[in-house]
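Structure record follows, encoded as structure tokens.
The values are calculated or read from the model by the stated rules, or taken from the named source; none is laboratory data. Everything quoted here is computed from the prediction, not taken from an experiment. Cβ coordinates were reconstructed from backbone atoms using ideal geometry, including for glycine residues, and neighbour counts include every protein chain displayed.
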Amino acid sequence: MPELRRLHARHAPAVLAFELANRAYFAASITDRGDAFFEHFTDRFDALLAEQEAGVCAFHVLLDEDGSVLGRFNLLDMEDGTAVLGYRVAQHAAGRGVATATVRDLCRLAPARYGLRTLRAAVAHQNPASRKVLTRAGFLPTGPAGPADLGGKQGTWYRRELTLPAEEREDDNPH
């Protein structure tokens, strides 16, 4: 059973292996990270951990039973109860509902763990699979996303309002 875990320094080798193994697959629908990403991976990974420690972002990995990375699910630019969701799933796991299930899980844990009330995500027109993930996870389209949002591509912004699980909400009905 895959497990969603908060990014940790020990995940670096598995994340690098995931990114390298899926580079061409990802580049077909999103902007390629470029050679510099891989040449300076350790520095970039350390910077991500520092951003996470500062509370600006929250990075997650979806780990398979063998410890390999099936996907990355990130909450970026967390501010005023809102964050931007970004994710990528390994080619061999695509089309099996892994992304949808994990995005739903992240939507359930984000309010309590990170104080988030809203998630936004931008998807390129060339990425119909990601649009399906978002709509199946309860996101609604809100307007166009331009090249500045999507690394030179056109797309759509999506949004989902989040709620705390019932047991964590304040009871407005005193007994």
Scan of the range 86-99 for residues that are free of Cβ contacts under 8 Å to residues at least 40 places away in the same chain and within 11 Å of the chain's Cα centre (by Cα), ordered by number: 86, 89, 99
Residues that are touching a strand residue (DSSP E or B) at 6+ places or on another chain (Cβ under 7 Å), surrounded by fewer than 16 Cβ atoms within 10 Å (Cβ to Cβ) and either charged (D, E, K, R) or at pLDDT below 90 (or both): does the range 83-104 have at least one? no
Let me confirm something: among 50, 14, 28, which residue is modelled with pLDDT under 90 and either over 20 Å from residue 64 (Cα atoms) or more than 15 Å from the chain's Cα centre (by Cα) (or both)? 28
Of the conditions (1) surrounded by 14 or more Cβ atoms within 10 Å (Cβ to Cβ); (2) modelled with pLDDT of 90 or more; (3) basic (Lys, Arg), residue 113 satisfies every one except a single condition; which number is it? (1)
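Matching residues to (1) under 19 Å from residue 136 (Cα atoms); (2) of a type in the set (A, V, I, L, M); (3) in contact (Cβ under 8 Å) with a residue 24 or more places away in the chain:
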site: 37; (1), (2), (3): no, no, no
site: 48; (1), (2), (3): no, yes, yes
site: 64; (1), (2), (3): no, no, yes
site: 80; (1), (2), (3): no, no, no
site: 84; (1), (2), (3): yes, yes, yes
site: 103; (1), (2), (3): yes, yes, yes
So, first residue of a type outside the set (Asp, Glu) in the range 132-149, second residue in a loop (DSSP other than H, G, I, E, B), Cβ within less than 7 Å, six or more apart or across chains; the pairs are 146/154; 147/153; 147/154
Filter the range 117-131 down to the residues that are without any contact (Cβ under 8 Å) to a residue 60 or more places away in the chain and in a helix (DSSP H, G or I), then identify the one that is nearest to the chain's Cα centre (by Cα). 131
Please note which helices (runs of 4 or more DSSP H) are completely contained in the range 19-92 and include at least 3 residues that are closer than 18 Å to residue 5 by Cα. 41-53
Is it the case that the range 96-109 has a residue that's more than 16 Å from residue 6 (Cα to Cα) and assigned to a loop (DSSP other than H, G, I, E, B)? yes
Of all residues in the range 31-47 being farther than 30 Å from residue 125 by Cβ and either touching a His at 6+ places or on another chain (Cβ under 9 Å) or β-branched (Val, Ile, Thr) (or both), the one that is modelled with the lowest pLDDT: 42
Scope the range 80-132; condition more than 27 Å from residue 23 (Cα to Cα) and not β-branched (Val, Ile, Thr); matching residues: 80, 81, 108, 109, 110, 111, 112, 113, 114, 115, 116, 117
What is the number of the single condition among (1) buried (at least 16 other Cβ atoms within 10 Å of the Cβ); (2) not in a helix (DSSP H, G or I) that residue 12 does not meet? (2)
When the range 132-156 is examined, which residues are found to be among the aliphatic types (A, V, I, L, M) and assigned to a helix (DSSP H, G or I)? 133, 134
